[in-house]
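Since the structure comes first, as structure tokens, the remarks are kept for the end.
Bear in mind these aren't lab numbers, they're just calculated from the coordinates by the rules spelled out. The structure presented is a predicted model; accordingly, all values stated were derived computationally and were not measured. Because the Cβ atoms are built from the backbone with ideal geometry, glycine has one as well, and the counts that use them run over all protein chains shown.
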Amino acid sequence: MATQETDRATHRRHPDARIPLSRRLRKTTLIAHIVSAGAWIGIDVMVAVLVLTGRFGTTDHVRGLAYEALATFVVWPMLTSGLICLVTGLVLGLGTRWGLLRYWWVAVKLVLNLILCTLILVALQPGMDEVGEYGRTLTSGAPEPAFISDLLYPPAVSLTALTFATVLAVAKPWGRLRRRAGRSPAARRP
């Protein structure tokens, strides 16, 4: 008897959710969302370390290896974690009371995710061949070519935006995008 009640409770959904999520699926999706966001932040920290090592490393060989690693390993893991974060965020938005465009903090996180994923494809990825070539030139011992574009901005911007998104997820500020019609002010919950 208790098992049946537990099963029923597991499949209850919030009345504001657009798609039904079982408790297990919601928790699994939330874990995937948190892990992918953490991986994204970790990859950004790695990018910052590689950029700083490439810029201020003690030898040309070390600097070259940092740029080669940056060109080889950064874009696709970062984009993958960003897209997993986006998809799981969409599922959570549709399957929980928070919605996609119901609360300001969720909408801002969604926009930040879309902007950052777009920047990975539009601004970061196209320059990686040049970064890799620059690194190979430094590693080979050839005279240092003209310095490549400034790579300090991508990790700074991304880490700032991801930190802000994390704060939004914890603090949940600002309330609803728009109030529901027909509900009394006492019934409204932020």
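Overview of values
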| item | result |
| --- | --- |
| Counted charge near Thr139, where neighbours are those whose Cβ lies closer than 13 Å (Asp, Glu -1; Lys, Arg +1) | -2 |
| Amide H within-cut-off set for Tyr103, under 5 Å, with H built and near neighbours excluded | Leu177 |
| Space enclosed by the convex hull of the alpha-carbon atoms of the stretch 82-138, per residue, Å³ | 74 Å³ |
| Selected from Leu114, Ser149, Tyr103, residue furthest toward positive end of dipole (the stretch 100-154; charges at beta carbon) | Tyr103 |
| Inverse of mean 1/r across different Cα pairs in the stretch 30-90, Kirkwood, Å | 12.3 Å |
| Overall form of the stretch 48-164 per C-alpha gyration tensor (a/c, 1.5; a/b vs b/c) | prolate |
